[in-house]
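As structure tokens, the structure follows; a few thoughts come after it.
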């Protein structure tokens, strides 16, 4: 199911809140070991969107540079600026009361051409950003550092040029596999072996 289909069903079911993550999302040991504390923080803070894993960018341009959010002392999540461009939203949650608004916004865009000033069809991260821009009262949080990340793999929707070269594709898969192994190992060493319960780290 697409994000839109899941959100539409959630709106029909009138869910209280919704958590979405990609099937290839890797959960950080920080989340696994401190789930209770993380959920407790979210229960005690006001928010509409909460990114457990994402990548902020400098602006809306496709060529814009990646940036980093500042960590909030003794918190897992930091407040995201209203105009902060956020992409690669592979692991996120939202409150139920904003879901119908997001679904309505997406459905209205389907009837418009691309690049329409009121927002035409776009990628899902674009809808999320536009929703935040147009509703400055919505509160967005993001985990710093990320509590999950997607596995490095070839994209079935937008494959790279090298992926189509038969002689190169196996090597790329090996590199991606090594990258995934290194990321998971580093996360386990940093958080799985050193973190104690209820410790932010």
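The values are calculated or read from the model by the stated rules, or taken from the named source; none is laboratory data. Just so you know, these numbers come straight off a predicted model, no measurement behind them. Here the Cβ is made from the backbone with ideal geometry for all residues, glycine too, and neighbour counts use every protein chain on show.
Using the structure shown, decide if residue 169 is at pLDDT below 85, touching a helix residue (DSSP H, G or I) at 6+ places or on another chain (Cβ under 7 Å) and closer than 16 Å to residue 53 by Cα. Spell out the reasoning first.
Values: at pLDDT below 85: yes; touching a helix residue (DSSP H, G or I) at 6+ places or on another chain (Cβ under 7 Å): yes; closer than 16 Å to residue 53 by Cα: no.
No; evaluated as a whole, the condition is false for this residue.
Condition check for residue 8 on (1) touching a strand residue (DSSP E or B) at 6+ places or on another chain (Cβ under 9 Å); (2) touching a residue at least 12 places away in the same chain (Cβ under 8 Å): one failure, at (1).
Restricting the first member to the range 119-133 and to residues that are at positive phi, and the second to residues that are in a loop (DSSP other than H, G, I, E, B) and surrounded by fewer than 20 Cβ atoms within 10 Å (Cβ to Cβ), the beta-carbon pairs closer than 9 Å and six or more apart or on different chains are 119/112.
Applying the criterion of being at pLDDT 90 or above and surrounded by 13 or more Cβ atoms within 10 Å (Cβ to Cβ) to the residues of the range 57-71, the residue that is nearest to residue 34 (Cα to Cα) is 71. Would it be correct to say that residue 84 is within 22 Å of residue 35 (Cα to Cα) and free of Cβ contacts under 8 Å to residues at least 60 places away in the same chain? When the stated conditions are applied, residue 84 does not pass them.
Tell me which residues, restricted to the range 91-117, are within 22 Å of residue 49 (Cβ to Cβ) and not in a helix (DSSP H, G or I). Outline the logic, then answer.
Going through the range 91-117, the residues within 22 Å of residue 49 (Cβ to Cβ) turn out to be 91-110.
Once the filter is applied, which keeps residues that are within 22 Å of residue 49 (Cβ to Cβ) and not in a helix (DSSP H, G or I), the range 91-117 yields 91, 92, 93, 94, 95, 110.
Note on the range 1-21: residues that are surrounded by fewer than 16 Cβ atoms within 10 Å (Cβ to Cβ) and closer than 21 Å to residue 88 by Cβ amount to 6.
One line per residue, one yes/no per condition, for (1) surrounded by fewer than 17 Cβ atoms within 10 Å (Cβ to Cβ); (2) out of contact with any helix residue (DSSP H, G or I) (no Cβ under 8 Å at 6 or more places or on another chain); (3) under 23 Å from residue 45 (Cα atoms); (4) at pLDDT 90 or above:
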position: 100; (1), (2), (3), (4): yes, no, yes, yes
position: 109; (1), (2), (3), (4): no, no, no, yes
position: 117; (1), (2), (3), (4): yes, yes, no, no
position: 123; (1), (2), (3), (4): yes, yes, no, no
position: 129; (1), (2), (3), (4): no, yes, yes, yes
position: 136; (1), (2), (3), (4): yes, yes, yes, yes
